[in-house]
Amino acid sequence: MTGKKEKRSLFEPTILKRALLDSFKKLNPRYQIKNPVMFVVEVGSVLTTLLFFHALFGKGEASPSFILQISIWLWITVLFANFAESLAEGRGKAQAESLRKTRREIMAKKLASADRNSGVTAISSSQLRKGDIVLVEAGDIIPMDGEVIEGVASVNESAITGESAPVIRESGGDLNSVTGGTKVLSDWLVVKITTNPGETFLDRMISMVEGAKRQKTPNEIALDILLAGLTIIFLLVTVTLLPYSIFSVQAAGHGSPVTITVLVALLVCLIPTTIGGLLSAIGIAGMDRMIQANVIAMSGRAVEAAGDVDVLLLDKTGTITLGDRQATAFIPVSGVDAKALADAAQIASLADETPEGRSVVVLAKEKYGIRETDINSLGAEFVPFSAQTRMSGVNLGGRQIRKGAADAIEKFVQSQGGTFPSDTRSIVDDIAKQGATPLVVAEGTKVLGVIQLKDIVKGGIKDRFSEMRQMGIKTIMITGDNPLTASAIAAEAGVDDYLAEATPETKLKLIRDHQAGGRLVAMTGDGTNDAPALAQADVAVAMNTGTQAAKEAGNLVDLDSNPTKLIEIVEIGKQLLMTRGTLTTFSIANDVAKYFAILPAAFLSIYPALGALNIMHLATPESAVLSAVIFNALIIIFLVPLALRGVKYKPLGAEVVLRNNALIYGLGGLIVPFIGIKLIDMLITAIGIV
Amino acid sequence: MTGNDIFQIVLYFGVLLLLAKPLGDYMARVYENQPFVLDRVLGPVERIFYRVCGVNADEEMDWKKYALTVLVFNVGGFFAVYLLQRFQGVLPLNPQKFGAVSPDSSFNTAVSFITNTNWQGYGGESTMSYLTQMAALGVQNFLSAATGMAVLVALIRGFQRHSSKTIGNFWVDLTRSTLYILLPLALIWSVLLVSQGVVQTFSEYKTAMLTQIITYDNPKNDAQGNVIKDEKGNPVTEKAQMKEQSIPLGPAASQIAIKQLGTNGGGFFNVNSAHPFENPTPFSNFLEVIAILLIPAALCITFGKMVGDKRQGRALLAAMVIVLAILMVLCTQIEQKGNPNFASIGIDQGASSLQPGGNMEGKEARFGIVNSTIWATATTAASNGSVNSMHDSFMPLGGLLPMWLIQLGEVIFGGVGSGLYGMLIFAIITVFVAGLMVGRTPEYLGKKIEMFEMKMTILAVLIVNALVKIGTAVGVSTKAGIAGISNPGPHGFSQILYAFSSASNNNGSAFAGLSANTVFYNTALGIAMFLGRFWVIIPVLAIAGSLAAKKKVPAGLGTLPTHTPLFVSFLIGVILIVGALSFMPALALGPIAEHLMMIGK
């Protein structure tokens, strides 16, 4: 959310330098074999290098300078592909390093028991184990991930989130999780360690951004299979060309068979080196874009799945609306004075620290001049809100004042032996129809009236949802509001559907229902009660401010804790897949021009008539072959920025996206190499290297 | 092209598509077990058949069992065909008293007919008894076609079903394909062909006196049977006279109907449908050439109907029609234009009311140019392989097109069943690339295309591709392979390339100049045919099994639409680049070189 975190440029000199070095290290065949396409190129490079020495010392099949030049460009092709991958890794590595600095060994204050005063032993953080209890005081660094079991403190989490404003961490509730490496600024916390060394959130984050444990994603493997298949097909094309040409020399009675150098050149040009060389860079860059968006993907699979999402579950509060609902009116039921209602509402809200609760107190003061009283001096007992009761209030002497959702209050009043007045229902409905939230206030058996809370829908969110619809993604608003309120806000915000009066159970059921219909569901969550739904969802974004349980259940963690991020995540996922698809198309379409460059050159001595296929009018057979090889190498380096940044993404329907991309990368892929090869041919002929 | 050329081509596609629609709907009913008229009549026959064979029609098979059953059934068929040929000399219905067919030729022919290839290394009227023609070859014409249809239906079920372990019962699919589809259609076609004068008899061959005695040069052979050559290397000849001719007969019409309908293509007579007793009139020619593509086209409609979205079937059919129409017109144009070398010596090759014009070498005068090129492109688009003209005698580029149609992988219509499942393989590749381009992991008809499907898809494409290329490489590198060539230069290369393309893709047509009835070709092509057929069927069934087990993803705005013109063009692009471009180098050394040398560049 903030731009405070240092953003690294794609082509920072230090990253470039390291990438350059790494591209040579990656020539190791044991590394190359993981990428079948580039492995074939490397074998070709070795083969032509040997042929060069053969030509140098014995009688070679072609001039040594020609073989040498082909060989050099083949090596360059491998290096370019390595470079692309190293570059993609570079940014992540740099980030991992700065994260690693925060993981330094520190001394922790281990407590004998869960009591602050139970006595402290100093222990190295690396010796802490799951279940240990430590004390962290102002100025200390939290040694490991854990759960606050006692105390409240402000914590600076900028090391993880890049956000310098301190956050509150306290025991109980959804703010109880702390991350190793963050610093306590004030007060103290008793923390129960929840992970063992090497498994902390920070550790996982480092290994993710660094790509150390990077595994190929399912779609990447499937694409690899396609590319390997194409490579074998083209291997067959070139290998069988040798006997074909030997036969043709006999049949024609003159000429010489195609040379191995030319065959290797043809093979490298035909196999999909462009996508093969850039494929892993695309994957790493996709993860990296997530990191730039301050989202940590716990697996590459999650990024890929994000592109496939069909259904987005969005929490209303914070995502669709600004989050803070404001009390705007007190509407008493008949027979109740408005001021009495305001008074009760204020007392019920005194201990309620939520912005909504605050706004009730403020409204009572502004409208009826009711002054705020200190809840402690009244001797009141605060009844906090829970997801199950869905109401809150105070017990004050014999008075039981409650405010909450209509059906919750109805249940409460009836359990006390009272009745729910009929006009309350109509007031509630009226408010709900306007998209506001009715909060019913009751005292004991008597309903007093209704507080109107207004929700403010975020600007521009409606357009965002209509874009989503264009992309074929269904948006569902999740809210604890009653159905009427929910439908009014849903209509105002332009979501496709809503789940009102949501509980963790109904959420989980909604996800399961959609998945049973074959759809992929994405959601965000932060509370412990979100954890089952997060675990069930295909793409689950946990807020970094959320509980440990939520973070464990999610497969993505949003460091900014911004619920709108889900939309961005989907876009990054789609962009990743699109980049793969477009470069594959481009790579395959390139082959047409390369055939026209190399085939006439290869067979000219056997059938001079085949010179008619040299439609680009390339100068000589040697220059034609060399130009094709050079083009093939250069196109990789030209496309590196595209692979790292991803293709331009616009939220449009599939048909339009396909048409645009097919035109740019399909048709473009057909035409560009004709121009490129011709230009290179003119250039190398002009400077006379062939 | 002449006006007649255009009219014939339009008429051909018009009638084909008009017939394909109702037949496609009918076949969907057959496979979906919905009521249709014939099942009331033949239903009892079907049920008795199952009872006699001990088949439990309600028992479904998983893909492995289905594949195993296909293999076992076809291997059984192989032995039946092989043994019938080897023992035909002692079996009945052999009026010409033909002896046993040689072991290598019997092997080749048996493989050829069980794989729906119908490559013929033998000459029918001079080799096979009527019993072999009917009980061995005729029966396999039905069963190999029905096998292809059954495999296709199993694949369609993979798309239809979700979370299912099974893909149907092979025995039921085979029986229903034969009983309700192939037999009735073959009956109709046989009767229509007989009406045109196609022979159907058990009588022995007749001998006719020639009205004009023919004198010709007969090469002299030495005691070992080798041709005697003079000092210049030319064969020594002596004058010979011919006064009478043997007229071969036989139960041809019944076999020709199914060889056309089942994309088999194995002619009753050696020259196939160029023979006047196989294909006497323009109407019989039209009937036969329509029959080539009828079931493959109709199966697209069946597919659309069975997967619950007719547009999907129409899209695949559109891709097929577009590619074939373009190549058919090109071929017609090239052949109609004739030979430039003839033009330079003043031979009139123009079309007029007296002559069809163009390159008439190897073509029947009663069919002319356009009906030869329609047939040549249709029979190679489908893996039929029957001919009514000699592809070897086409212009270099005219002959390139049929060969290229085969090399596309026999997916432009293709064999009955096999063509569409091949096309679906290409559709899966297309969906994979195009699907990624719209930002989703690929899915086709609601099924995610993942690692396993991709592996099997690549396997299916790779095997046939490898068979053609490696086969040709062996052919041009060995003495036995080169010995079969009848023409020097690039055309000789084309002959070998065509043979292996045809066999591996289960087409069965040939560049007629190649002498293929040798141990080398019988064996090599036999292996190519067998692997080209069953090593594709197994991955296809594996895909069917894997798809059937998956959940169905409902389509939305973000899903790649697979019925639009855009998708169709993308599909064609993939077929051309993956299926055909990889043959560019080989074609450059064959027909392209030949053409460029002919026009003197």
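Given the options B:580, B:555, B:588, name the one that is aliphatic (A, V, I, L, M), more than 26 Å from residue B:167 (Cβ to Cβ) and either away from chain A (no Cβ under 12 Å) or surrounded by fewer than 19 Cβ atoms within 10 Å (Cβ to Cβ) (or both). Steps first, answer last, please.
Working: B:555 fails: more than 26 Å from residue B:167 (Cβ to Cβ); B:588 fails: either away from chain A (no Cβ under 12 Å) or surrounded by fewer than 19 Cβ atoms within 10 Å (Cβ to Cβ) (or both).
Going through B:580, B:555, B:588 in turn, just one is aliphatic (A, V, I, L, M), more than 26 Å from residue B:167 (Cβ to Cβ) and either away from chain A (no Cβ under 12 Å) or surrounded by fewer than 19 Cβ atoms within 10 Å (Cβ to Cβ) (or both): B:580.
Would you mind stating whether residue B:308 is under 30 Å from residue B:31 (Cα atoms), of a type in the set (Gly, Ala, Ser) and at pLDDT below 95?
Working: under 30 Å from residue B:31 (Cα atoms): yes; of a type in the set (Gly, Ala, Ser): yes; at pLDDT below 95: yes.
In short, yes.
Return yes when residue B:399 is assigned to a helix (DSSP H, G or I) and either free of Cβ contacts under 8 Å to residues at least 12 places away in the same chain or small (Gly, Ala, Ser) (or both) and no when it is not.
yes
Checking residue B:376 against (1) farther than 20 Å from residue B:5 by Cα; (2) in a helix (DSSP H, G or I), which test does it fail?
(1)
If we keep just the residues of segment A:267-303 that are at pLDDT 85 or above and of a type in the set (Ser, Thr, Tyr), which is surrounded by the most Cβ atoms within 10 Å (Cβ to Cβ)?
It comes out as A:273.
Inside segment B:558-571, can you point out the residues that are hydroxyl-bearing (Ser, Thr, Tyr), more than 17 Å from residue B:310 (Cβ to Cβ) and either more than 7 Å from every other protein chain (Cβ to nearest Cβ) or not in a loop (DSSP other than H, G, I, E, B) (or both)?
Of everything in segment B:558-571, just one residue is hydroxyl-bearing (Ser, Thr, Tyr), more than 17 Å from residue B:310 (Cβ to Cβ) and either more than 7 Å from every other protein chain (Cβ to nearest Cβ) or not in a loop (DSSP other than H, G, I, E, B) (or both), namely B:569.
With the condition kept exactly as written, say whether any residue in segment A:638-655 is touching a residue at least 12 places away in the same chain (Cβ under 8 Å), crowded, with 23+ Cβ neighbours inside 10 Å, more than 12 Å from chain B (Cβ to nearest Cβ) and more than 26 Å from the chain's Cα centre (by Cα).
Within segment A:638-655 (the criterion being touching a residue at least 12 places away in the same chain (Cβ under 8 Å), crowded, with 23+ Cβ neighbours inside 10 Å, more than 12 Å from chain B (Cβ to nearest Cβ) and more than 26 Å from the chain's Cα centre (by Cα)), the answer is no, since none of the residues qualifies.
Is it true that residue A:513 is touching a residue at least 24 places away in the same chain (Cβ under 8 Å) and among the acidic types (Asp, Glu)? Spell out the reasoning first.
Working: touching a residue at least 24 places away in the same chain (Cβ under 8 Å): no; among the acidic types (Asp, Glu): yes.
The answer is no for residue A:513.
What do you reckon, is residue A:51 touching a residue at least 40 places away in the same chain (Cβ under 8 Å) and within 31 Å of the chain's Cα centre (by Cα)?
Criteria not met by residue A:51.
Looking at (1) touching a residue at least 12 places away in the same chain (Cβ under 8 Å); (2) closer than 22 Å to residue A:210 by Cα; (3) in a helix (DSSP H, G or I), find the lone condition where residue A:17 falls short.
For residue A:17, the failing item is (1).
Can you name the number of the only condition in (1) more than 47 Å from the chain's Cα centre (by Cα); (2) more than 14 Å from every other protein chain (Cβ to nearest Cβ); (3) among the hydroxyl-bearing types (Ser, Thr, Tyr) that residue A:607 fails?
(2)
Can you give me the number of residues within segment A:239-252 that are surrounded by 24 or more Cβ atoms within 10 Å (Cβ to Cβ) and β-branched (Val, Ile, Thr)?
Residues meeting the conditions: 0.
For segment A:206-227, name all the residues that are within 30 Å of residue A:180 (Cα to Cα), assigned to a helix (DSSP H, G or I) and either within 8 Å of chain B (Cβ to nearest Cβ) or small (Gly, Ala, Ser) (or both).
A:207
Kindly indicate whether any position in segment A:574-593 is surrounded by 21 or more Cβ atoms within 10 Å (Cβ to Cβ), in contact with a helix residue (DSSP H, G or I) (Cβ under 8 Å, 6 or more places away or on another chain), modelled with pLDDT under 95 and at positive phi.
Within segment A:574-593, not a single residue is surrounded by 21 or more Cβ atoms within 10 Å (Cβ to Cβ), in contact with a helix residue (DSSP H, G or I) (Cβ under 8 Å, 6 or more places away or on another chain), modelled with pLDDT under 95 and at positive phi.
Of the residues A:613, A:626, only one is at the interface with chain B (Cβ under 9 Å from one of its Cβ atoms), farther than 28 Å from residue A:282 by Cβ and in contact with a Phe, Trp or Tyr (Cβ under 8 Å, 6 or more places away or on another chain); which?
Only one candidate passes the filter, namely A:613.
Return the pair list, or none, for Cβ contacts closer than 6 Å from residues in segment B:198-213 that are more than 23 Å from residue B:255 (Cβ to Cβ) to residues that are among the basic types (Lys, Arg), at least 6 apart or on different chains.
Once the first residue is more than 23 Å from residue B:255 (Cβ to Cβ) and sits in segment B:198-213, its partners that are among the basic types (Lys, Arg) give B:210/B:243; B:213/B:243.
Starting from segment A:228-249, take each residue that is more than 7 Å from chain B (Cβ to nearest Cβ) and list its partners that are charged (D, E, K, R), counting only C-beta distances under 9 angstrom and pairs at least six apart or across chains.
A:239/B:469
Would you say residue B:548 is within 30 Å of residue B:163 (Cα to Cα) and crowded, with 24+ Cβ neighbours inside 10 Å?
Yes; evaluated as a whole, the condition is true for this residue.
Please determine whether any residue of segment A:404-419 is closer than 23 Å to residue A:504 by Cα and touching a helix residue (DSSP H, G or I) at 6+ places or on another chain (Cβ under 7 Å).
At the first step, the residues of segment A:404-419 found to be closer than 23 Å to residue A:504 by Cα are A:404-412.
Checking the rest, the ones that are also touching a helix residue (DSSP H, G or I) at 6+ places or on another chain (Cβ under 7 Å) come to A:406.
Looking for residues that are closer than 23 Å to residue A:504 by Cα and touching a helix residue (DSSP H, G or I) at 6+ places or on another chain (Cβ under 7 Å), one finds at least one in segment A:404-419, hence yes.
Would you list the helices (runs of 4 or more DSSP H) that sit entirely within segment A:462-549 and hold 1 or more residues that are surrounded by fewer than 17 Cβ atoms within 10 Å (Cβ to Cβ) and not β-branched (Val, Ile, Thr)?
The qualifying helices (runs of 4 or more DSSP H) are A:483-493, A:504-516.
Considering segment A:552-572 alone, what residues qualify as being within 11 Å of chain B (Cβ to nearest Cβ) and either at pLDDT 90 or above or in contact with a Lys or Arg (Cβ under 8 Å, 6 or more places away or on another chain) (or both)?
The answer is A:572, and nothing else.
Do you know which residues across segment B:71-105 are closer than 24 Å to residue B:248 by Cα and within 20 Å of the chain's Cα centre (by Cα)?
B:81, B:105
Looking at segment B:449-479, which of the residues that are over 26 Å from the mean Cα position of the chain (by Cα) and more than 20 Å from residue A:585 (Cα to Cα) is farthest from the other protein chains (Cβ to nearest Cβ)?
Across segment B:449-479, the extreme among qualifying residues is B:479.
If we keep just the residues of segment A:190-205 that are assigned to a loop (DSSP other than H, G, I, E, B) and touching a residue at least 12 places away in the same chain (Cβ under 8 Å), which is surrounded by the most Cβ atoms within 10 Å (Cβ to Cβ)?
A:200
Taking residue A:585 as meeting all but one of (1) away from chain B (no Cβ under 12 Å); (2) among the polar types (S, T, N, Q); (3) part of a helix (DSSP H, G or I), write down the number of the exception.
(1)
Considering only segment A:314-323, I want to know if a residue exists there that is of a type outside the set (Lys, Arg), on the phi > 0 side of the Ramachandran plot and either in contact with a helix residue (DSSP H, G or I) (Cβ under 8 Å, 6 or more places away or on another chain) or part of a helix (DSSP H, G or I) (or both).
yes
The values are calculated or read from the model by the stated rules, or taken from the named source; none is laboratory data. On a predicted model such as this, the values are computed, not experimentally measured, just so you know. For neighbour counting, all protein chains shown are included, and Cβ atoms are generated from backbone atoms with ideal geometry for every residue, glycine included.
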